[in-house]
Amino acid sequence: MKEDIVTISVVKDFGEKPYGRYMDINTKLSGEEFRKVLLVPSLKNHKYVHVDLDGYNRYGRSFLDEAFGGLIRDEGFSWDDLNARLTYSHTLVKSIENLIADRLQAARISVESAGQE
Amino acid sequence: MCTFRKEQEGAFQLGESVVKKLDASRKIYLERAAIARWENALKRRGGRVNSHKKYGERKEFGGWHPIVAPENINVYEVLGERETYTKTLEFISEIQSRLGKGKCYVDFSATESLSAAAFVVLYAAVDTALSSRVGKGAVKVIFSEKSEQVNSIIRNYNLYKLLTGEKVSYSLDGVRVMPVMSGVGNECMDEIIDFIQKKIYLDKMNAETEYVYGDAVSETIYNVELHAYPNSPASEKRWWLICRAKGKMLHLAIYDKGVGIPKTVVEHPWFLGSVQNKHPKEYGVLLEKFPELRGSGISRYIPTVISDDKLIYLSLQGDVSGTNRDRHGQGSKSIMALVNDTPGGRLWVFSNDGLCKYEKAGDEPELVQLPQSFPGTLIQWNIELP
């Protein structure tokens with residue numbers, strides 16, 4: 001892992017109109033695809049990752065939940081690890097940043113509860 | 001003759017009618033005059049007034065089957081003396097079953113009003129019934145004799161084109177009024193939000209509001225794709241959308257002809273927790289009846305004790321088990337956000353046998369058991385414009 005920071009621009013590096021949750025339902029530009037193709041490799045290869053969400057204001061909740069919450073639920077990252085290494089920003093829509101924080105927290109609770117059960 | 005009704009609060013009419021009440025005697029006088037004119041017209045044509053033929057009745061003519069629209073095409077008035085819901089759905093059902101199977105004429109001559117929610121359901125029925133038609137000629141349209149505004153709606157929102165087999169375009173380039181839009185997946189989604197932003201908000205929509213709209217529309221059509229048509233190929237998971245600004249209100253409705261929310265909500269992993277939380281009594285009744293099904297197996301029996309309106313309400317709550325941890329059930333939060341985060345927001349959800357209405361953010365919804373099953377799901381928001 002490189003001791004550096006990498007920035008991913010959703011619009012420039014992934015697609016202009018991200019939409020939906022699963023790759024098998026909507027094959028283009030889903031949250032799952034963003035996570036698997038860009039986010040997970042970046043987190044594995046770089047110490048710090050920043051996701052720049054600027055350039056699109058119409059992200060659906062499913063896309064954001066699957067892209068970010070899925071890191072904890074499906075990819076095995078811990079909330080603490082992501083809290084230390086992953087940052088994200090949307091200059092104009094703070095609700096998007098708040099929603100990502102909320103979905104990471106929900107995924108953390110989900111995984112911890114499943115562990116206890 | 002033209003009679004007018006006070007618009008039901010929360011509902012919206014496509015035609016902006018001038019409200020003018022006719023007293024009873026004037027109404028009777030006008031009706032008698034209309035019958036006399038009809039009888040005279042028949043005599044002039046050499047016909048006879050048959051006792052078995054009633055005024056207003058349409059007969060098959062030269063092999064053309066009539067489908068007669070009711071006076072008020074409106075699904076908002078579900079209960080009470082002015083109930084228009086049942087006649088509207090019967091009309092739409094006849095459209096669905098007869099159109100495309102021989103020569104038909106759709107007769108709007110007696111129609112006085114046309115609501116947007118009913119219009120999009122009607123449009124979808126025509127669209128699907130005629131989807132396999134080749135060329136023009138199998139359908140004729142008789143325009144309203146009662147309201148020019150009904151006629152302009154039929155023309156401007158592309159219903160006339162659809163019925164008569166003309167090509168319907170879903171491009172919004174250069175249009176003043178957004179016609180009914182239709183798509184699969186997120187087709188046209190950005191064009192629709194662009195239209196709302198540019199033509200309705202006049203480029204003054206801030207980024208946070210744009211996000212709330214984008215999220216709600218995106219999640220609603222994604223729900224259609226994910227849940228509404230469980231056994232259909234992706235290309236057939238179609239939705240229809242109508243959007244209209246009227247004064248200071250924006251009315252937006254998305255419709256699908258899928259299996260309905262009550263059928264799919266029971267499949268969600270969070271559903272049982274929500275039932276325990278919101279309907280402990282009914283949950284207890286089920287456990288008494290089926291103790292062997294304790295656990296998720298009981299979900300499929302829930303519709304036997306909880307009506308569709310309540311199941312819609314539960315679906316809009318999403319995961320209310322306390323943790324909000326499940327990945328699914330998130331779309332409903334986006335649907336509710338468009339009501340909760342915009343001033344004057346209202347929400348109506350029709351699906352199968354139920355209707356759930358939020359008249360004010362934060363209030364408990366009004367739940368209604370529908371007198372006749374609704375074909376699919378319609379989600380409608382009313383939003384106050386700045």
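The values are calculated or read from the model by the stated rules, or taken from the named source; none is laboratory data. Not measured: the values here are computed from a predicted model. Quick reminder, even Gly has a Cβ in these numbers, built from the backbone with ideal geometry, and neighbours come from all protein chains shown.
Residue check: is B:Asp194 among the acidic types (Asp, Glu), within 25 Å of B:Val175 (Cβ to Cβ) and away from chain A (no Cβ under 12 Å)?
no
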| note | Residue hits (region B:146-172; buried (at least 16 other Cβ atoms within 10 Å of the Cβ) and closer than 14 Å to B:Ser109 by Cβ) are B:Lys146, B:Ser147, B:Val150, B:Asn151, B:Ile154
| Subset of region B:252-266 (residues that are over 13 Å from B:Trp239 (Cα atoms) and in contact with a Leu (Cβ under 6 Å, 6 or more places away or on another chain)) | B:Pro262, B:Val265
| task | Determine, yes or no, whether B:Lys204 is more than 10 Å from chain A (Cβ to nearest Cβ), in a helix (DSSP H, G or I), under 22 Å from A:Tyr59 (Cα atoms) and not aliphatic (A, V, I, L, M). | result | no
| task | Would you be able to say whether some residue in region B:68-87 is at pLDDT 90 or above and more than 26 Å from B:Gly376 (Cα to Cα)? | result | no
| task | Under 6 Å between Cβ atoms, at least 6 apart or on separate chains: pull out the pairs that start in region B:209-230 with a residue that is within 17 Å of B:Ile242 (Cα to Cα) and facing another protein chain (nearest Cβ under 7 Å) and end on any residue that is of a type in the set (Lys, Arg) and not in a helix (DSSP H, G or I). | result | B:Gly214/A:Arg58
| field | region B:371-386, residues that are surrounded by 21 or more Cβ atoms within 10 Å (Cβ to Cβ) and among the small types (Gly, Ala, Ser) | value | B:Gly376
| request: Name, by its number, the condition in (1) closer than 15 Å to A:Ile8 by Cα; (2) within 9 Å of chain B (Cβ to nearest Cβ); (3) surrounded by fewer than 18 Cβ atoms within 10 Å (Cβ to Cβ) that does not hold for A:Ile109. | output: (1)
| Taking region A:1-37 on its own, how many of its residues are under 17 Å from B:Glu219 (Cα atoms) and of a type outside the set (Asp, Glu)? | 14
| query | Picking from B:Ser131, B:Ser115, B:Ser182, which residue would you name as being more than 23 Å from B:Gly62 (Cα to Cα), away from chain A (no Cβ under 14 Å), among the polar types (S, T, N, Q) and in contact (Cβ under 8 Å) with a residue 60 or more places away in the chain? | reply | B:Ser115
| note | Scanning region A:85-104 for residues that are within 9 Å of chain B (Cβ to nearest Cβ) and in a helix (DSSP H, G or I), the one farthest from A:Glu3 (Cα to Cα) turns out to be A:Ser95
| query | For B:Ser93, which of the numbered conditions (1) hydroxyl-bearing (Ser, Thr, Tyr); (2) outside any helix (DSSP H, G or I); (3) surrounded by fewer than 17 Cβ atoms within 10 Å (Cβ to Cβ) fails to hold? | reply | (2)
| query | Can you name the condition, by its number, that A:Phe34 falls short on among (1) within 14 Å of chain B (Cβ to nearest Cβ); (2) surrounded by 23 or more Cβ atoms within 10 Å (Cβ to Cβ)? | reply | (1)
| query | Going through region A:65-84 one residue at a time, which ones are more than 30 Å from B:Met205 (Cβ to Cβ), more than 8 Å from chain B (Cβ to nearest Cβ) and assigned to a helix (DSSP H, G or I)? | reply | A:Leu71, A:Ile72, A:Trp79, A:Asp80, A:Asp81, A:Leu82, A:Asn83, A:Ala84
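Within region B:131-145, work out how many residues are of a type outside the set (Val, Ile, Thr), modelled with pLDDT of 90 or more and surrounded by fewer than 23 Cβ atoms within 10 Å (Cβ to Cβ).
Filtering region B:131-145 down to residues of a type outside the set (Val, Ile, Thr) leaves B:131-133, B:135-138, B:140, B:143-145.
Checking the rest, the ones that are also modelled with pLDDT of 90 or more come to B:140, B:143-145.
Cutting the leftovers down to surrounded by fewer than 23 Cβ atoms within 10 Å (Cβ to Cβ) gives us B:140, B:143, B:145.
Summing the residues that are of a type outside the set (Val, Ile, Thr), modelled with pLDDT of 90 or more and surrounded by fewer than 23 Cβ atoms within 10 Å (Cβ to Cβ) in region B:131-145 gives 3.
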| Here are some conditions: (1) modelled with pLDDT of 80 or more; (2) more than 14 Å from chain A (Cβ to nearest Cβ). B:Gly362 meets all but one. Which one does it not meet? | (1)
| note | Note on A:Arg61: of the conditions (1) of a type in the set (Lys, Arg); (2) within 13 Å of chain B (Cβ to nearest Cβ); (3) surrounded by fewer than 16 Cβ atoms within 10 Å (Cβ to Cβ), unmet is (3)
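Return yes when A:Asp52 is within 22 Å of B:Met336 (Cβ to Cβ), touching a helix residue (DSSP H, G or I) at 6+ places or on another chain (Cβ under 8 Å) and in contact (Cβ under 8 Å) with a residue 40 or more places away in the chain and no when it is not.
The answer is no for A:Asp52.
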| request: For A:Val40, state whether it is more than 13 Å from chain B (Cβ to nearest Cβ), assigned to a strand (DSSP E or B), aliphatic (A, V, I, L, M) and under 27 Å from B:Glu219 (Cβ atoms). | output: no
